[in-house]
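The values are calculated or read from the model by the stated rules, or taken from the named source; none is laboratory data. Here the structure is a predicted model, which is why all the values come from computation and not from measurement. Here the Cβ positions follow ideal geometry from the backbone for every residue, glycine too, while neighbour counts run over all protein chains shown.
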Amino acid sequence: MTNARKRKLQNIAALSLSALCALIGLGILFAILFDVLKNGARSINWALFTQDPAPPHLAGGGGLKSAFLGQGLLTLAAAALGVPLGILAGTYLAEYGRNRKYAKIVSNLADMAISVPSIVIGTFVYAILVKPWGGFNGWAGAAALAIIILPVIIRTTEEMMAMVPWNLREAAFALGASYHKVIVTVVYRAAAGGIFTGILLAVARVAGETAPLLFTSFNANFFKLSLSGPTPSLTVTIYLYAASPYENWVRMAWAAAFVVTALVLALNILGRALIKYRVKG
Amino acid sequence: MDLLEVKNLDFYYGSQKALADVTLNIRRNAITSLIGPSGCGKTTLLRCFNRMHDLYPGNRYAGEIRLQGRNILSKNEDLINLRSSVGMVFQKPTPFPMSVFDNIAYGPRLKGQRNLSFLREKVEKALRQAALWEEVKDRLKENAGGLSGGQQQRLSIARTLAVDPEVILFDESTSALDPISSQKIEDLMTELKKDVTIVAVTHNMQQAARVSDYTALMYLGSLVEYDETEIIFTRPQKKMTEEYVLGRFG
């Protein structure tokens, strides 16, 4: 076999192997999405959003109103805790701490924190915010989610601010602006789109978390719009209902899976569309 | 008394000496060009006038720079105050990510000015001075990033003018522009010297010869020769100056 022929064959082999793997990966992903869509869409109805769960023997009745409200409140509270903290910490790393050794260390630690398994964060919050306070509560769940998004927001903020050209800061300094004025009036404006996109993607990620909530907010069938007791969420509902022997609970788990998937997908698409829009504009 | 008096100025980036014993006086309401080969210290000198070097750690000055008699290198100098009397226009246009109006109003607002009719007047005056008003008067609310490069540079000049500086520093401010836009900036500089004093770093010798009243040649961190532009370009005292302006080195 000539050398050229051999190289051609190698190329074909590598190409088909990687194409095959891509197909398998995408196939699995689409199978999951298709399954969730098929089973979920069938179980979606108005009652799902307006009613609370019915006892398992009442076939067909009930909904997940509480889980939707709980999920929304948990996510909002997590964002309210994590976003300001993350933006300010990222600002410190990108601006005041720039070029300092400890800022680099903190930045690297944040990178590592992004990949800490969420169940570890769940057990950690269980130890500090559930056990000492006498039981599962929504605030602990929100805190766990906030801890998960915090490093993502810190790093996004830092990177987006570091991308703002120094020229722009110097121009503001040259007009007699103090450093905090430069940051607030110029750097934040220039980086706002990127930071917002980062927040959106971080929230999307955390909206699909289950493990940290199992240890913290757990679940409740009826929810009074307060985070001080156990708080239902869609993801924990899926976990509990999908494994139950009752047909109508399993159906609601499918419905919840459908809604969570759609929500996370929508947030991701929105985030990515924003990135594209910014790159173009 | 000259507006800016530089006396025995040394400047260090960390341990590296970048300016050595520079002494020169900048005349009021004139354009002074700083020329010299890359790395000669002309931009370093320019950035001493508004203490831009203070933004970065480890930089150090020695000697004096007097602005209207006051030593601006003193430890007590209020940099915010200094920078509103010594404005700067950079090599690349630096529109802030906001509207044309907000760009120009940025400086006055920093000083606490909130009165909208005052700001409107200020913005119009600055844009007229920068010969940009006619082009943008209907686009004041649009993002400044949508202006052309030459317009953005005149916007930067207008933004500086809006804080009423005594001196404006131009740091190679036409080198990123096309010839027609550069020409507009040059005309503008000539127009502006009625109201302000201009110090300009340039790599373009024809430009220095065309627009400036005084020219200083720098080399390796030192001042080689400083005189009226006409003398520097026609009958300089030093051999090195003659060779540089004739393009034989640099």
**OP:** Could you please find all residues in segment B:17-33 being in a strand (DSSP E or B) and either among the small types (Gly, Ala, Ser) or without any contact (Cβ under 8 Å) to a residue 60 or more places away in the chain (or both)?
**Re:** B:18, B:20, B:25, B:33
Subject >> Residue ID - surrounded by the most Cβ atoms within 10 Å (Cβ to Cβ), chosen from residues in segment B:76-109 that are more than 9 Å from chain A (Cβ to nearest Cβ) and small (Gly, Ala, Ser) >> reply: B:105
Original post:
So residue B:244 clears everything in (1) at pLDDT below 95; (2) of a type in the set (Phe, Trp, Tyr); (3) outside any helix (DSSP H, G or I) except one condition, right? Which one?
Top reply: (3)
Subject >> Pairs, first in the same structural domain as residue A:113 (by TED's automatic domain parsing) and under 18 Å from residue A:113 (Cβ atoms) in segment A:126-155, second among the charged types (D, E, K, R) and in a helix (DSSP H, G or I), C-beta under 8 Å, six or more apart >> reply: A:148/A:205; A:149/A:205; A:151/A:111; A:152/A:205; A:155/A:111
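State yes or no: is residue A:99 within 14 Å of chain B (Cβ to nearest Cβ) and in a helix (DSSP H, G or I)? Write out each step before concluding.
On the way: within 14 Å of chain B (Cβ to nearest Cβ): yes; in a helix (DSSP H, G or I): no.
Against the criterion (within 14 Å of chain B (Cβ to nearest Cβ) and in a helix (DSSP H, G or I)), residue A:99 does not qualify.
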Original post:
If we scan segment B:201-218, do we find a residue that is outside any helix (DSSP H, G or I), more than 24 Å from residue B:11 (Cβ to Cβ), at pLDDT below 95 and not aliphatic (A, V, I, L, M)?
Top reply: yes
Subject >> Set B:152, B:183: member being in contact (Cβ under 8 Å) with a residue 24 or more places away in the chain, over 29 Å from residue B:1 (Cβ atoms) and either touching a Phe, Trp or Tyr at 6+ places or on another chain (Cβ under 9 Å) or not in a loop (DSSP other than H, G, I, E, B) (or both) >> reply: B:152
Subject >> Candidates B:9, B:45, filtered to the one that is closer than 23 Å to residue B:166 by Cα and in a strand (DSSP E or B) >> reply: B:9
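Quick check, is residue B:87 in contact (Cβ under 8 Å) with a residue 12 or more places away in the chain and touching a Pro at 6+ places or on another chain (Cβ under 6 Å)?
Numbers: in contact (Cβ under 8 Å) with a residue 12 or more places away in the chain: yes; touching a Pro at 6+ places or on another chain (Cβ under 6 Å): yes.
When the stated conditions are applied, residue B:87 passes them.
Would you point out which residue out of A:261, A:197 is surrounded by fewer than 19 Cβ atoms within 10 Å (Cβ to Cβ) and either assigned to a helix (DSSP H, G or I) or within 14 Å of chain B (Cβ to nearest Cβ) (or both)? Reasoning before the result, please.
Details: A:197 fails: surrounded by fewer than 19 Cβ atoms within 10 Å (Cβ to Cβ).
Testing whether each residue is surrounded by fewer than 19 Cβ atoms within 10 Å (Cβ to Cβ) and either assigned to a helix (DSSP H, G or I) or within 14 Å of chain B (Cβ to nearest Cβ) (or both) leaves just A:261.
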Original post:
For segment B:121-142, how many residues meet the condition of being assigned to a helix (DSSP H, G or I) and surrounded by 14 or more Cβ atoms within 10 Å (Cβ to Cβ)?
Top reply: 11
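Confirm whether residue A:255 is within 14 Å of another protein chain (Cβ to nearest Cβ) and more than 18 Å from the chain's Cα centre (by Cα). Write out each step before concluding.
Numbers: within 14 Å of another protein chain (Cβ to nearest Cβ): no; more than 18 Å from the chain's Cα centre (by Cα): yes.
It is false that residue A:255 is within 14 Å of another protein chain (Cβ to nearest Cβ) and more than 18 Å from the chain's Cα centre (by Cα).
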Original post:
Which condition number does residue B:38 fail, the rest of (1) in contact with a strand residue (DSSP E or B) (Cβ under 6 Å, 6 or more places away or on another chain); (2) of a type in the set (S, T, N, Q); (3) surrounded by fewer than 22 Cβ atoms within 10 Å (Cβ to Cβ) being met?
Top reply: (1)
Original post:
From the list A:177, A:162, A:192, A:172, which one is within 14 Å of another protein chain (Cβ to nearest Cβ), small (Gly, Ala, Ser), over 14 Å from residue A:88 (Cβ atoms) and surrounded by fewer than 20 Cβ atoms within 10 Å (Cβ to Cβ)?
Top reply: A:192
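Could you tell me whether segment B:168-184 includes any residue that is among the aliphatic types (A, V, I, L, M), surrounded by fewer than 18 Cβ atoms within 10 Å (Cβ to Cβ) and in contact with a helix residue (DSSP H, G or I) (Cβ under 9 Å, 6 or more places away or on another chain)? Spell out how you get there, then give the answer.
Residues of segment B:168-184 that are among the aliphatic types (A, V, I, L, M), as a first pass: B:168-169, B:176-177, B:180.
Of the ones still in play, those that are also surrounded by fewer than 18 Cβ atoms within 10 Å (Cβ to Cβ) are B:176, B:180.
Still in the running and in contact with a helix residue (DSSP H, G or I) (Cβ under 9 Å, 6 or more places away or on another chain): B:176, B:180.
Yes: segment B:168-184 contains one or more residues that are among the aliphatic types (A, V, I, L, M), surrounded by fewer than 18 Cβ atoms within 10 Å (Cβ to Cβ) and in contact with a helix residue (DSSP H, G or I) (Cβ under 9 Å, 6 or more places away or on another chain).
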